[in-house]
Amino acid sequence: MAVTEITNLEFGKMVQAAADKLNQQADFINSLNVFPVPDGDTGTNMASSMASGAKYEREASSDKVGDLSAALAKGLLMGARGNSGVILSQIFRGFAKGAAGKDVLTAKDFVDAYANGAKVAYKAVMKPTEGTILTVVRESAQEGLNKIKESDDLLEVVHAIYEASKTALAKTPELLPVLKEVGVVDSGGQGLVDVLEAFDESLSGKEVTKGEDYQPDQAEVDEMVNAMDHQSVQGKLDPADIKYTYCTQMLVRLGKGKQVTQKFDYDTFYNYLAKLGDSLLVLNDDQVVRVHVHTEHPGKVLSWGQEFGDLQTIEIHNMVWQQEEIMENDGGADADTSAAPTPIEKAKLADQDDQPETAVIAVASGDGVIKLLKSLGVTNIISGGQTMNPSTQDIVDAINNSGAKQALVLPDNGNIFMTAEQAAEVVDIPTKVVHAKTIAQAMSSLLEYNPEADLATNQQNMESNLASVASGEVTHAVRDTTIDGRDIKKDDYLGIVDGKIVESNPDLEETAIEMVKKMLDEDSEIVTILYGEDGSEKTAEAIKAAVEEIDDELDVQIYSGGQPVYPYLISVE
C-alpha cells in the first residue's frame, strides 16, 4: 500500500525513531573514530543533538509538519554537540526551510526538503571534505531526486534514499585514504545512515527497536561541566586558614615604561616572585609577561613588574574577604539547603561576579587547567572538551549569562569550532570565536588579549600566535589498529602532535619523551607540561629532565592540569 503524505503524527514518530536509533548506535559510531583513542564521541554527540531536536519537536504545539520541522531544526541547533552534531543540525535546518509552510509532506516535498538540507550542510562547512557525512547526504539526496521522477510513493522514495546512503557510506574509505587504512567508514556518515534507516522503518510500519530514551546523567554533567562539586567544602573553609590574602594578577609590557631597570630574564623574574607567595604562574613571549600569584604583598609584585616594563592590566582580589562572603551566603554547614541553587546556577552566579565589558569564555576541563586559563584572563569557563563537547545551548547560555557587553569564545578543541560559531550567530551580544584547537594554543593566544581592544582586533591578534605552538597529547589506545603505517596495539600509549600520531609505546614515560623530541626544533624556547588526573608530577619531572638533557637552554615548565583522558598535555613554543 502506497503512502502519499507524511502527517504531523508520522513525522513525530520518524523523528523519535531517529533519536532512539542514534542512542542505540552511539557506542558503535564512537568506535569508528579513526584514532584509537578514548575521546571518539561522534555517536554520543549525534545522539545528544538528535535527542534535543526530538524534544523540541514533541513540545511544539502545531500540527503542521512545516512548523514541526522548524522545531526539530531549532532543537538540533541548540543541542548540537561537536562538528557532527552541527552538520546534522544544518541538514535539518535546510530541511525545515524546504518544508516551511507545509501542512503535510508529499514525496516530492520530502525529497526537495532533504535535498535543500544537503545544500545547506555543504555551505555550513568552510572546506567541505568528501568521504564524510557530506558525501552521504549529497548522494542520498540525489537518489531521492532521481527516484521522485518515477514514483510518488513515500515508502519507495525514502527507502531509496536510505539505500543510497548505505552505498555512499560504503564508499567513504575510497574517498578518504585514512579511513581505508584503518578499516572503518566515516562515523558521521554512519550516524546519518542510522537516521535514514529509522525514518524508513518508522514510515513503513516496521518495528523500530527502541532503546532507553537518551537522557544524559545530569548530576554527572553538572559536576563535570561546572566544576562546582567542591562548593560545600569551600563553604566550610575557615578564612583564617587561607595562607595568602591577595590573588594578584598583572600583565607587563616588557621594555616599556619609565621605571624599567632590568632586561627580562625568566628565571630572575620568576624566582623573586616565588618568594612572595604561592600558586605562581608566569607566562611570557617577547613582548609581554603575564603573572598570577597568591601573596601578602601585592605592592611588591607590581613594583617588581615595573622594573621590567609598564603594567597594562592589574587585578587584585582579597581571597579572605571573598571566603567570608561565601560562608555568609552559604549559611554554614548546617543551613537548610532545600532551596539552594543548583550547580549550574552557582556557576552562573560565580561567573557573573566582577565581569568586565568583554567576557573571555573558554571550554576546558581539569581544575588546574581552569585555574591557568583564568589566571591568563579567561572570565568564564564552560567545562568540557574531549569526550564532553558542549552543546550550542551550553555556549549560548554562557555568553548570555556572562553579564558582559561582548564576548570572545575559545573552543580549545577543533571539534567544537562549528558549535561555537553557531552559538555566536544566535546570542544576544556581539561574539567572536578564537580558533584555538588546544589548551596550549589557548594559553598562547591569551598573551595577546587586550581588554581595551575591539573584538575583531583581539580575535586577529590572538589567532596570530596559534601556528607557533606545537601541541602534544599523550593518551592510550582503545583498540588494535594500523594508521599512517604504524601498528598500534590496544592499551599502548600514544603521542599525538597536532592531530597526528607520532609515537606509540607500552611505556608512558618513554612515549611522552619521544613525542617531545619530535616536537622540538632549533627555534624552540618554551616547553610546558600539564599533567592530568592519570598523570603524575614525578613522571612530569622525568620528562622535564629528559628534555633539558637535549637542550639545557629550554625553559621547561610543569603545571598540574587535572585534565581527564590525557595524562599529559605538552606544548612547545
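Footprinting exposure proxy ranking of 78, 462, 46, fewest other C-beta atoms within 10 angstrom first, gives 78, 462, 46. As a quick test, which of the pairs 21/206; 13/55; 64/147; 13/171; 13/64; 437/500 have an alpha carbon distance above 20 angstrom in this structure? In this structure, 64/147; 13/171 lie more than 20 Å apart at Cα.
Using 1/(1 + (r/R0)^6) with R0 = 22 angstrom and r between the beta carbons of residue 149 and residue 129, what's the FRET efficiency to the nearest 0.05?
Efficiency computed from Cβ-Cβ geometry: 0.15.
Projected over every direction and averaged, the convex hull enclosing the alpha-carbon atoms of region 1-135 yields 8.6 nm².
Relative to a virtual label point 7 Å from the Cα of residue 307 in the Cα→beta-carbon direction, which members of region 526-562 show backbone nitrogen distances below 13 Å? Nothing falls inside the zone, counting backbone N under 13 Å.
List the equivalent ellipsoid semi-axes of region 477-573 in whole Å, largest first, each obtained as the square root of 5λ for an eigenvalue λ of the Cα gyration tensor.
Sorted largest first and rounded, they come to 22, 16, 11 Å.
Each of 246, 114, 266 has some number of other Cβ atoms within 10 Å of its Cβ, and from fewest to most they run 266, 246, 114.
Could you list 321, 304 in order of exposure, starting from the residue whose Cβ has the fewest other Cβ atoms within 10 Å?
On the way: 321 12, 304 18.
Fewest-to-most ranking of 321, 304: 321, 304.
Read the figures in this text as sums done on the coordinates, not as results from a lab. It should be emphasised that the depicted structure is a prediction, and the values quoted were computed from it without experimental measurement. Cβ: placed from backbone, ideal geometry, glycine included. Neighbour counts: every protein chain shown.
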